[in-house]
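Structure first, then comments.
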Amino acid sequence: MQPLPNNPHDWALWLLDRLETVQQVESHWEGTLPGEFDFDEVVNAIPEQLKGLLDPLSRRIEFHPELGGVFQNIDELVNGPRRRAPLPVFTVRGLNYTHGKTQPVPQAIINYLDAARLWQLLSASADYQLDQAVVFIKTFESKVEVRADYRAQDLCQLDGLANFAAAYFDSDHHKEQKRNIIRSSLLEVCKGALVVRLSDLLPRFDDLVERVKASYSLYTADFSFEKLRSEVDKQNVDDTLRLNKTLSDIQNQLLALPAALMLAGAGVKDKVWSTNLSIWIGVTVFIWVMHQLVKNQQSSIASIDQEIQLRVERVKEQPADVSQRVLPRFHSLQERVTSQKSVLRNIRHAVLLVWFVATTIVVNAQWPGFLCGQFSAAWDCARKALEMALEWGASH
C-alpha cells in the first residue's frame with residue numbers, strides 16, 4: 001500500500017480519488033473505503049477537521065474536503081473568509097487547478113486572487129476595520145463602508161493591480177498623502193453611498209486607478225514645483241555669492257598690479273644691475289603669486305559650474321511639466337558663471353602683460369637699445385625671407 005497523505009489538503013484529494021461511490025450529501029461528502037485499505041489505519045490517519053461520521057461495518061466515511069482546501073468549483077472557493085484571504089494551498093477540481101503547482105493559472109483563479117488582494121490593500125489603507133468590512137472616513141458626513149462581499153460571477157480582470165499596489169500602497173514615498181488620495185478617490189467612485197460591496201468596486205477598478213493616478217499627479221506637480229523652486233532659488237543665491245567671492249578674495253591683490261608697473265618704471269636705473277635685478281625678481285615673484293591666485297579662482301568657478309550642471313540634470317529628471325518651469329531659473333546664474341570666467345581670463349592676461357612690460361622696462365634700462373636692436377634684427381630677417389620667397393616665386 002502506498003504511503004498515506006500527511007496534510008489535510010492531500011487527504012481531501014486522496015479521499016475523493018480513492019473512495020468508491022463518492023457523492024456529495026447535503027453539506028458533506030461520503031464514500032466507501034475499498035477493501036485493499038485497512039479501515040482503522042486510514043480512519044486514524046485522517047485529520048480530525050476532515051472527518052464526519054464513520055461506519056466500520058459498511059466502511060462508509062463522511063468527510064469535508066473544503067476544510068482541507070479542496071473545492072469542486074470556483075463558487076465553493078469564493079465563500080466566507082476565503083473572500084478576504086486565499087488559502088496557502090487549495091485545489092479547484094473543476095478547473096483541474098492546485099494553487100502553487102498548476103501552470104498556467106486559469107483566468108478565473110487570477111481574478112479571484114486579485115479580488116482578495118484588492119481587499120487586503122483596502123483593509124491596510126482603511127481608517128478602521130469591522131468584522132467583514134472596512135471604513136474610510138474623510139469627514140463626519142463623507143464616509144463609506146466597504147464589505148467583503150462578492151460571488152464568483154462578480155469576479156473580473158483587474159489589469160495593472162500589481163503595479164497599482166506597488167506604487168500607491170506598498171511604497172513608503174508620500175505614504176500618508178497617497179492614503180488620503182486613495183480615500184478621496186474611493187469616496188468619489190462610490191458616489192456618496194454609505195455602504196458598498198466589494199462586488200460593486202471590482203468592475204469600477206479602472207475608474208478608481210485613474211482617479212488615484214490623476215490626483216497623485218496633481219499633488220506631485222504642485223509639491224515638486226514649489227519645493228524644487230524654493231530649493232533652486234535658495235541654492236542660486238548661495239552660488240551667486242560664491243561666484244562674487246571669487247573676485248572679492250583677490251581684489252586687494254589686483255590693486256597692486258598698477259603698483260608693480262609703477263615700481264618697475266620709477267625704480268629701475270640705467271645699467272645698475274643690482275637694483276634692476278632686485279626689481280625684476282620682486283615683480284616676477286608677485287606676478288607668479290597673482291597668476292596662482294587667479295588660477296585657483298578659475299578652479300573654484302569651474303567647481304561651482306559643475307555643481308550647477310548637476311543640479312540642472314537633477315531638475316531635468318523631474319516630470320516635464322515641473323522641469324520646464326524650473327530650468328529658466330538657472331539662466332541668470334549660468335550667465336554669471338560665463339561672465340566671471342571671462343573676467344578672470346582677462347585678469348590672467350593682464351597679469352602676464354604686467355610681467356612682460358616690467359621685464360621690458362628692466363631689460364631696456366640695463367641694456368639700452370638691446371630690445372630695439374633685437375626687434376630690428378628680427379624684422380630684417382623676416383624682410384629678407386619675404387624677398388627670397390618672392391624671387392623664388394617669380395623664377396618658377
What single numbered condition from (1) at pLDDT below 75; (2) closer than 16 Å to VAL351 by Cα; (3) loosely packed, with under 14 Cβ neighbours inside 10 Å; (4) under 53 Å from the mean Cα position of the chain (by Cα) fails to hold for LEU254? (3)
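What about PRO34, is it over 27 Å from ALA116 (Cβ atoms), open to solvent by less than 30 Å² (accessible area, probe 1.4 Å), without any contact (Cβ under 8 Å) to a residue 60 or more places away in the chain and in a loop (DSSP other than H, G, I, E, B)?
yes
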From the options LYS143, LYS138, residue that is over 27 Å from the mean Cα position of the chain (by Cα) and modelled with pLDDT under 85: LYS138
Taking the stretch 158-172 and keeping only residues that are part of a helix (DSSP H, G or I) and either without any contact (Cβ under 8 Å) to a residue 12 or more places away in the chain or open to solvent by 80 Å² or more (accessible area, probe 1.4 Å) (or both), one is left with ALA162, ASN163, ALA166, ALA167, ASP170
Selection from the stretch 121-157 of residues that are surrounded by 15 or more Cβ atoms within 10 Å (Cβ to Cβ), assigned to a helix (DSSP H, G or I) and out of contact with any Lys or Arg (no Cβ under 6 Å at 6 or more places or on another chain): LEU121, LEU122, SER123, ALA152, ASP154
Of these, LEU243, LEU261, LEU218, which one is at pLDDT below 80, in a helix (DSSP H, G or I) and under 30 Å from ALA350 (Cα atoms)? LEU261
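Among the residues of the stretch 108-115, are any in a strand (DSSP E or B), free of Cβ contacts under 8 Å to residues at least 60 places away in the same chain and surrounded by 15 or more Cβ atoms within 10 Å (Cβ to Cβ)?
So the first thing to find is which residues in the stretch 108-115 are in a strand (DSSP E or B), and the list is none.
The answer is no; no qualifying residue exists.
The values are calculated or read from the model by the stated rules, or taken from the named source; none is laboratory data. No experiment lies behind these values; they were computed from the predicted model shown. Glycine gets a Cβ as well: all are built from the backbone with ideal geometry, and neighbour counts include every protein chain shown. Just so you know, the surface numbers come from the protein's heavy atoms only, side chains and all, with ligands and any DNA or RNA stripped out. Shrake-Rupley method; radii C 1.70, N 1.55, O 1.52, S 1.80 Å.
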